[in-house]
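Before any comments, here is the structure.
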Amino acid sequence: MAIPKNALIFLVDDDLIMLEILDRHLELHQYSNIRRFSTGEEMLEAIGQQPFMAIVDYRLSSDEGKMNGYDLFHQIRSQSPQTKVVMLSAQQDGELVIKLIKQGLRDYIIKDSHMLNELTTLLQEG
């Protein structure tokens, strides 16, 4: 079942160009209820809005004290367990993917030339 077009979707990536690419791709597919965040901390301030899905970069800022995607995933699961979390990463770590999926991750998409096609499939399948 496809994700509803009016579903609240959070995008979290410290790469502003990637945020723009993801946002435009979602809009192209008629998703209009999108919120963008450049840090996990910003996103968690809005978690009370109960997003349907959060698309999160695994390697958020490496600045000391900043939350990475792995930590953010666990915070989302704790504070908004119904939110589906999709992790984006340039890393192709099979063990990590299996570990996260066992912990409730909806999907793990590699940031490569197929990323937007995989995201489209995910949106269509729910």
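Every residue, every condition in (1) modelled with pLDDT of 95 or more; (2) β-branched (Val, Ile, Thr); (3) over 28 Å from His29 (Cα atoms); (4) buried (at least 17 other Cβ atoms within 10 Å of the Cβ), yes or no:
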| site | (1), (2), (3), (4) |
| --- | --- |
| Ser80 | yes, no, no, yes |
| Lys84 | yes, no, no, yes |
| Leu96 | no, no, yes, no |
| Leu105 | no, no, no, yes |
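Among Tyr58, Tyr31, which is touching a strand residue (DSSP E or B) at 6+ places or on another chain (Cβ under 9 Å) and more than 15 Å from Met87 (Cα to Cα)? Even if it seems obvious, please write down each step before you answer.
On the way: Tyr58 fails: more than 15 Å from Met87 (Cα to Cα).
The match here is Tyr31.
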Could you check Ala54 against (1) loosely packed, with under 12 Cβ neighbours inside 10 Å; (2) touching a Ser or Thr at 6+ places or on another chain (Cβ under 6 Å); (3) not β-branched (Val, Ile, Thr) and say which number it fails? (1)
Complete set of residues in segment 1-38 that are more than 18 Å from Ile109 (Cα to Cα), surrounded by 15 or more Cβ atoms within 10 Å (Cβ to Cβ) and among the aliphatic types (A, V, I, L, M): Ala7, Leu8, Ile34
Close pairs from segment 1-17: first closer than 18 Å to Met87 by Cβ, partner surrounded by fewer than 16 Cβ atoms within 10 Å (Cβ to Cβ), Cβ under 6 Å, at least 6 apart: Ile3/Gly126
Contact list, first residue from segment 18-42 and under 11 Å from Ile55 (Cβ atoms), second anywhere and among the acidic types (Asp, Glu) and in a loop (DSSP other than H, G, I, E, B), beta-carbon distance below 9 Å, six or more apart or interchain, is Leu19/Asp13; Leu22/Asp13; Arg36/Asp13; Phe37/Asp13
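Please state which one of Leu11, Leu60 is modelled with pLDDT under 95 and in contact with a Lys or Arg (Cβ under 7 Å, 6 or more places away or on another chain). I'd like the intermediate steps shown before the answer.
Working: Leu11 fails: modelled with pLDDT under 95.
Sole residue among the options that is modelled with pLDDT under 95 and in contact with a Lys or Arg (Cβ under 7 Å, 6 or more places away or on another chain): Leu60.
The values are calculated or read from the model by the stated rules, or taken from the named source; none is laboratory data. The structure displayed is predicted, hence computed values, not measured ones. We place every Cβ from the backbone using ideal geometry, glycine too, and count neighbours over all the protein chains shown.
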